[in-house]
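A short reminder: the numbers here are calculations on the coordinates, not readings from a lab. Everything quoted here is computed from the prediction, not taken from an experiment. Cβ atoms come from the backbone with ideal geometry, glycine included; neighbour counts cover every protein chain shown.
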Amino acid sequence: MRTTGVIGVFVAAVALSGCTQADDAADRPVWARGPVIEAQGRAFVELPPNRASFSASYEARDAESAVASAEAVARANNAAEAVRIAAEGEVRITSNLSVRPYYQQVTRRTGPDREELVENVHPDALLGYVATVSMSVVVLDPERAASARGAALAAGPVSSGALRFYLEPDAENQRAAFAAAVRDAAQRARLIAEASGAELGTLQVLQEGQGPCLGSPSTATGYDDRVSVTAARAAAPPPPPPPPDATPQELAEAAERFALAADLQPQRIEARVCAIYSVR
């Protein structure tokens, strides 16, 4: 009976020792449990742009600030309505009004034989006010971007910005880039295993970002905002002023005459992952 008791205690001790070792193995980092391969996966996915944007400014002058502001706002609102018609409503428009005074110019001597014109900023030299409405347009359907900008140009802006295409990220295109990066990591891991003469095992860790796998995650996967494509780098030629009574519909119909070339440019989404595989 005493012998049986000793054996029972010994078996219990071995079982307890095995549990402790298993717990210790689970607590150890994955690379401390056996040979592993770490692979960085990276992928670039090109997709057509889903947004376009441009800007335009409309100006008016008058001796009274309120009159200049009202005229500039009326011109900008007229242009905005024309843009909406030309883009079939697929736009988001924001505008801002700024007003500045302008004064009589006087001559200032800057050297023995040099003079320059400067403004006499005294109140009694005030001539009037310049009101400017800056309009920013986001086109939700890039196929309509050229017509939308053409309508804005037909309204006679004092300045206009270049048309820019870009990709507004969503879950679907981010998942496409992520899946490509995962496949790339798996292929790299297989190449490493083949080069070392080992057999690739199962995936142990997969982390989104550039790694290291057990370090701090990098920035979240998304579109690369450093990649931007400008369709027209040169400033648009100043259009002739529209008739004062031009309606938004008339401006929209004139959009095609002012539409500049605007070829859609592919946009790039980047994704990175870090993967650790076991080695058999």
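Summary of computed values
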{"item": "Exposure proxy ranking, count of Cβ atoms within 10 Å, fewest first, for Phe178, Phe44, Phe165", "result": "Phe44, Phe178, Phe165"}
{"item": "Residues in the range 120-149 that a label on Val73 would reach, taking backbone N under 17 Å of a point 7 Å out along Cα→Cβ", "result": "129-136"}
{"item": "At R0 = 22 Å, FRET efficiency that the Cβ-Cβ distance of Arg100 and Glu250 yields, to 0.05", "result": "0.10"}
{"item": "Net lengthening on full extension, Arg183/Val279 (0.36 nm per residue, minus Cα-Cα)", "result": "32.7 nm"}
{"item": "Full-extension gain in nm, Leu206 to Asp170, via 0.36 nm per residue minus C-alpha separation", "result": "10.8 nm"}
